[in-house]
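Working notes, beginning with the structure itself.
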Amino acid sequence: MVKKVNIAAIKPNEENPRYINDSKFKKLVKSIKEFPEMLETRPLVVDENMIVLGGNMRLKALKSAGVFEVPVHQVKDWTEDQKKEFIIKDNVSYGNWDWDIIANDWETNIISDWGMDVPEFDIDPDYSVLDDFDMTDQLDEMQSGVKKAIQIPFENEHYDEAFELVKFFRNNGHYVGMILIDKLKQLKNEIE
């Protein structure tokens, strides 16, 4: 259950392994000042002793922003292991950002102010610097010794058999490509 408490009653967690750099901290303080309603839907999580389990950096930012009453969700009867697990899991980010959506649907300067690290995208890269380079020799050298492949389609019912045969010959030290070439030459001669 969420309740509001005096910020002085809340104790920061000295063992929280998460920290925040100065520029991000300033953005967090600014975010709290500009959008305090967010705190109602994302209260600090504290244990029975009012020690922060989730929101240690927010607590610091709330104090800096001059907030006196803070919404908290107090959990009770958690073991020390459960508290430690929550601290880590609450700070782990499982997802990744879809930068195409971010670039197309959001103002990157605004979300940067909100605290997100936004990479700078070079919309129109200048490839003209490559015009003066002739890479033919380097490419030829890189290609020498590289095995090439030919894709051979199989009917579904023959695929497993073909796969097992290729595997068998490879495992026995045979070059499957040469076996196929020899067989195709033989068939070509028979046809001609």
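I'd like to check something: does the range 121-139 contain any residue that is modelled with pLDDT under 80 and within 30 Å of Phe25 (Cβ to Cβ)?
The answer is yes, given that some residue of the range 121-139 is modelled with pLDDT under 80 and within 30 Å of Phe25 (Cβ to Cβ).
Given (1) closer than 24 Å to Ile111 by Cβ; (2) not in a helix (DSSP H, G or I), where does Pro17 come up short, assuming only one miss?
(1)
Please list, ordered by first then second residue, the pairs with beta carbon atoms under 7 Å, 6 or more apart or interchain, first in the range 100-116 and closer than 14 Å to Leu28 by Cβ, second modelled with pLDDT of 80 or more and among the polar types (S, T, N, Q).
Trp114/Ser31; Gly115/Ser31
Write out, first by first residue and then by second, each pair whose Cβ atoms fall under 7 Å of each other, whose residues are 6+ apart or on separate chains, and whose first residue, in the range 136-149, is closer than 23 Å to Met178 by Cα and touching a residue at least 12 places away in the same chain (Cβ under 8 Å) while the second is part of a helix (DSSP H, G or I) and of a type in the set (Gly, Ala, Ser).
none
Could you tell me whether Ile191 is exposed (fewer than 10 other Cβ atoms within 10 Å of the Cβ) and under 30 Å from Asp22 (Cα atoms)?
No: the conditions fail for Ile191.
Among the residues of the range 83-107, which ones are assigned to a helix (DSSP H, G or I), within 30 Å of Met50 (Cα to Cα) and among the aromatic types (Phe, Trp, Tyr)?
Answer for the range 83-107, where residues must be assigned to a helix (DSSP H, G or I), within 30 Å of Met50 (Cα to Cα) and among the aromatic types (Phe, Trp, Tyr): just Phe86.
Could you tell me whether Lys63 is in a helix (DSSP H, G or I) and surrounded by 15 or more Cβ atoms within 10 Å (Cβ to Cβ)?
Yes, satisfied.
Kindly evaluate Lys147 against the criterion of being more than 30 Å from Lys27 (Cβ to Cβ) and surrounded by fewer than 11 Cβ atoms within 10 Å (Cβ to Cβ).
Here the answer is yes, as Lys147 does meet what is asked.
Out of the residues in the range 69-107 that are at pLDDT 85 or above and among the aromatic types (Phe, Trp, Tyr), state the one that is surrounded by the fewest Cβ atoms within 10 Å (Cβ to Cβ).
Applying the filter and picking the extreme gives Trp78.
The values are calculated or read from the model by the stated rules, or taken from the named source; none is laboratory data. It should be emphasised that the depicted structure is a prediction, and the values quoted were computed from it without experimental measurement. For neighbour counting, all protein chains shown are included, and Cβ atoms are generated from backbone atoms with ideal geometry for every residue, glycine included.
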